[in-house]
Amino acid sequence: MRLDYLEYFEAAARAGSISGAALQLGRNRSTVSMAIAALEDELGADLFVRRGNSLALSPVGEHILDDCARIIALSNSIIERCARGEQSAGQELRIGRDDVLPENFWRHVIRAIRKARPHVRLSMRYAESDVLPELVREGQLDLAYFIASGRAGPRSGALQSRCCTHRHATAGGKNPSASLDELCGGR
């Protein structure tokens, strides 16, 4: 499956027409039309319902549009990382969070991280509070914030906020979380 065909499909779906997609992509109309037809042949499904010069997504097209957008975004991210080369190694801070801490807390954390490391890309992952420490230990996350229940359990009201960090070696030897202990209160 060719990535450019997915890009043409997504553009046509967003524009609602082949000509609109061609204009947006800087391609001619026949190139876009033939690419979408080839993609439909490869997938064995009609992605659009054609009505004159306009297009509407078919049920299959609706079902795969978001996945195609994610594939395109991932491809663009890979190209960008490769273009930056080794300079980009270790410049992502992977943060785990539960859904209990309030948004005001997250605004504070994100501001503090951006102030301490303005060039670091942040990625957030939601998980249950009992899973987050293990994800940090396994190196899937660099940092996790969550509400943890005390030994007496959550019914006793013994809830505490927790932060855990894990530093792992990167190509540059510097993990973006290396000086972020102050965000966790030394925990």
Scanning the range 1-48 residue by residue, those outside any helix (DSSP H, G or I) and open to solvent by 40 Å² or more (accessible area, probe 1.4 Å) turn out to be 1, 2, 26, 27, 28, 44, 46
ask   = Can you find even one residue in the range 82-91 that is modelled with pLDDT of 85 or more and among the charged types (D, E, K, R)?
value = no
Of the listed residues (110, 71), the one being modelled with pLDDT of 85 or more, surrounded by fewer than 15 Cβ atoms within 10 Å (Cβ to Cβ) and of a type in the set (Val, Ile, Thr) is 110
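The values are calculated or read from the model by the stated rules, or taken from the named source; none is laboratory data. Bear in mind that the values here come from a model prediction, so they are computed numbers and not experimental data. Positions of Cβ are generated from backbone atoms using ideal geometry, with glycine treated the same way; all protein chains shown enter the neighbour counts. In case anyone asks, the SASA skips ligands and DNA or RNA and just uses the protein heavy atoms, side chains included. Shrake-Rupley method; radii C 1.70, N 1.55, O 1.52, S 1.80 Å.
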